[in-house]
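All remarks here apply to the structure that follows.
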Amino acid sequence: MKKISKILITGGEGMLGSYISSGSRFSREELDVTDINQVEKILRTDKPDVVIHLAAITDMKKCEDNPDLARSINEIGTYNIAKIAKEIGAKVIYVSTNAVFDGEKVGSYISVDLPHPVNVYGHSKYMGELAVLGMDSKNLVIRTSWIFGGGKNKDKKFVGKIMPKLIANETFSAVDDVKGTPTYAKDLAVMLQKLATSDTSGVIHITNSGSASRYDMAMVIKETIKSKSQINSALLSSFGLTGNTLKNEVLDSGLYVLRPWQEALKEYIRIEWK
Ligand SMILES: NC(=O)c1ccc[n+]([C@@H]2O[C@H](COP(=O)([O-])OP(=O)(O)OC[C@H]3O[C@@H](n4cnc5c(N)ncnc54)[C@H](OP(=O)(O)O)[C@@H]3O)[C@@H](O)[C@H]2O)c1
């Protein structure tokens, strides 16, 4: 392990970035990764040893509707970061996604499986991976999936969407025929900071352990908060989401696996949704 003195985080005010306690976190307003002049100015001034690059457009529907925007942030923005980081000698740790895979595999995806993105978000993130890996052999790509975190103010994903329904004891449906690997942003952030002080490079997967459907996650939360909601198990096709949605989003994290997702999810709900 070598000691790293300085970490810079892009997308630092997002769901995952907010949990990173060491280093300088830059919001989109402070560092827009699509603006290479700004990237150059800030990286040369801040002189980080490691850039944890989280800035991205993560809304899959927005990416499908605006492929040029997805490309400019997730692909060109990542290229800008990788290029300037290389010039100043900094390592890049880039957080990527299971969406680089097509979801057709039977069983969980390992880090050496061949990416084959089938939607705009997945494609733009994969191009980002290639930029990071091609720029410098010391760079690290970390794929993860189904992040939850942020609490009431920042959780715009599945958990954040169903919490008000569970609190109000409403009846709702959740997809049960697609599985992913739920991952607590807080757990991942701890691991990112550890890896920032290591020489780990290439591509790895990091998730909480186990796999789950959205329905499974909803049931764990229901039990945790003792909600009286009725949750119906539903098929993905009943939501009318087809074509660019994936059937299998499960990642195998090998050596980098975190604690079980159920334990992490219960802690998140108890602590951050009090
Ligand atoms: N959420 C998941 O389930 C998941 C799964 C796998 C991988 N990831 C990856 O993990 C990383 C962090 O995701 P997250 O869940 O924390 O997403 P998030 O909450 O949407 O955070 C992304 C951040 O990037 C910022 N951003 C957007 N465009 C930018 C630009 N041009 N320049 C600089 N910053 C910009 C956003 O700012 P604004 O809010 O102001 O737009 C936001 O603060 C992303 O790279 C994502 O692809 C996420």
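The values are calculated or read from the model by the stated rules, or taken from the named source; none is laboratory data. Note that the coordinates shown come from a computational prediction; the quantities given were computed from them, not determined experimentally. All Cβ positions, glycine included, derive from the backbone under ideal geometry; neighbour counts span all protein chains shown. What goes into the accessible areas is simple: the full protein's heavy atoms, side chains included, and nothing from ligands, DNA or RNA. Shrake-Rupley method; radii C 1.70, N 1.55, O 1.52, S 1.80 Å.
Split the accessible area of the stretch 1-99 by element, probe 1.4 Å, and carbon with sulfur accounts for 49%. Per-residue ellipticity at 222 nm from helix content only, as computed over the chain with -39500 (n - 2.57) for each DSSP H run of at least four residues, stands at -10500 deg cm²/dmol.
Considered as an equivalent ellipsoid built on the Cα gyration tensor, the stretch 145-257 has semi-axes of 28, 18, 11 Å, the largest given first.
Most simply put, the chain has about 5% antiparallel DSSP beta bridges, counting only bridges with both residues inside it. Residues in the stretch 91-133 near a label at D35, defined as backbone nitrogen under 16 Å from the 7 Å Cα→Cβ point? Zone members listed by number: none at all. Solvent-accessible surface (1.4 Å probe) assigned to K154 amounts to roughly 70 Å². What whole number of Å gives the distance from the Cα centroid of the stretch 118-145 to the Cα centroid of the stretch 183-209? Their Cα centres are 15 Å away from one another. Solvent exposure of the chain, expressed per residue, is 46 Å² of accessible area, with all protein chains present and a 1.4 angstrom probe. Given A56, G77, T200, which one lies farthest toward the positive end of the charge dipole of the chain, if we put +1 on the Cβ of every Lys and Arg and -1 on the Cβ of every Asp and Glu? The Cα lying farthest towards the positive end belongs to T200. In the stretch 107-192, the portion of solvent-accessible area held by carbon and sulfur atoms comes to 58 percent [1.4 Å probe, whole percent, DNA, RNA and ligands not counted]. Across the cross-link table entries K41/K152; K61/K226; K154/K222; K41/K138, which are compared at the Cα atoms, the separations over 29 Å belong to K41/K152; K61/K226. From the Cα gyration tensor of the stretch 211-267, with a ≥ b ≥ c the square roots of its eigenvalues, which class applies: rounded if a/c is under 1.5, or else prolate if a/b is larger than b/c, or else oblate? Taking the square roots of the gyration eigenvalues as a ≥ b ≥ c, the stretch 211-267 is oblate. Express in whole angstrom the spacing between the alpha-carbon centres of the stretch 211-274 and the stretch 77-109. Taking the Cα centre of each part, the stretch 211-274 and the stretch 77-109 sit 24 Å apart.
Express the carbon and sulfur contribution to the solvent-accessible surface of the stretch 193-274 as a percent, rounded to the nearest whole number, probe 1.4 angstrom. The computed percentage sits at 52.
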